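Only one structure is covered here, and it is reproduced in the block below.
The values are calculated or read from the model by the stated rules, or taken from the named source; none is laboratory data. Here the structure is a predicted model, which means the values were calculated and not measured. All Cβ positions, glycine included, derive from the backbone under ideal geometry; neighbour counts span all protein chains shown. Calculation scope for accessible area: heavy atoms of the full protein, side chains included, ligands and nucleic acids excluded. Shrake-Rupley method; radii C 1.70, N 1.55, O 1.52, S 1.80 Å.
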Amino acid sequence: MKKTRRRSSDTSFLQQLNAPQADAATTVRGPLLVLAGAGTGKTRVITFRIAHLLCSGVKPENILGVTFTNKAAKEMRERVGELLGSRPKGLTLSTFHALGARILRAHADELELRSSYTIYDTSDQVSLMREILRDIRGSLSTNDIRGVLTVISRAKNRFALPEDFLETADSDEEYLVARAYTRYTERLRSLNAVDFDDLILLPVILLNRN
């Protein structure tokens with residue numbers, strides 16, 4: 001059976017929402033914060049809101065939807081397509097990390113990277129950090145290496161750069177991590193590589209600059 005394409009201004013799909021959901025989906029001017037528990041339809045509301053924006057004349061390329069998992073991003077794309085009868089071109093619905101990777105590909109040169117950069121996984125990170133810590137202190141166990149990487153990851157999630165970490169180090173262990181963080185960052189750049197945390201940290205740095 002051929003699917004009927006919905007008219008661009010047809011918002012009858014909003015009738016599927018309850019009153020609070022419809023209110024959230026149709027409020028399109030100014031910031032909006034929706035607080036809801038698990039299973040209350042948050043993804044549903046966001047999807048309907050995007051569809052409503054498109055029906056209201058907002059261009060697809062001016063809409064960005066981000067989520068935490070590939071599964072959720074795929075679900076949102078499929079739902080928007082079902083509501084509208086087709087998937088709009090130019091609409092960006094992705095995970096935070098996929099969006100960060102896309103931004104970095106486009107502006108890698110501003111961060112001393114090439115657009116062909118490599119994303120290091122956990123085993124790559126451990127191998128690189130083992131080399132770095134061997135130079136700084138000598139051989140360490142895998143648990144020690146992973147511990148240092150965990151501290152660096154937390155620092156990146158706070159948007160703390162190596163120089164920030166070095167300034168606040170007040171113990172031998174923190175100073176060791178600060179030195180390792182500095183060398184780790186330098187080595188990643190020399191290898192034209194980033195880690196998973198960089199996919200959030202580096203785009204934030206770019207957006208803060210411009």
Every residue in region 152-198 that is part of a helix (DSSP H, G or I) and of a type in the set (A, V, I, L, M, F, W, C), please. ILE152, ALA155, PHE165, LEU166, LEU176, VAL177, ALA178, ALA180, LEU188
From the option list GLY100, GLY81, single residue qualifying as part of a helix (DSSP H, G or I), under 28 Å from ILE205 (Cα atoms) and open to solvent by less than 50 Å² (accessible area, probe 1.4 Å) is GLY100
Here are some residues: GLU82, GLU110, GLU163. Which one is acidic (Asp, Glu), under 30 Å from ARG44 (Cβ atoms) and at pLDDT 90 or above? GLU82
Checked region 13-33 for anything open to solvent by less than 100 Å² (accessible area, probe 1.4 Å) and among the aliphatic types (A, V, I, L, M); matches are LEU14, LEU17, ALA19, ALA22, ALA24, ALA25, VAL28, LEU32
Could you run through region 44-61 and say how many residues are touching a helix residue (DSSP H, G or I) at 6+ places or on another chain (Cβ under 8 Å) and either without any contact (Cβ under 8 Å) to a residue 12 or more places away in the chain or exposed (fewer than 15 other Cβ atoms within 10 Å of the Cβ) (or both)? 0
If LEU113 passes every condition in (1) in a helix (DSSP H, G or I); (2) over 25 Å from PHE68 (Cα atoms); (3) hydrophobic (A, V, I, L, M, F, W, C) but one, which one does it miss? (1)
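Over 16 Å from VAL80 (Cβ atoms) and not basic (Lys, Arg): does that describe LEU33? Before you say what the answer is, go through the steps one by one.
Values: over 16 Å from VAL80 (Cβ atoms): yes; not basic (Lys, Arg): yes.
Yes; evaluated as a whole, the condition is true for this residue.
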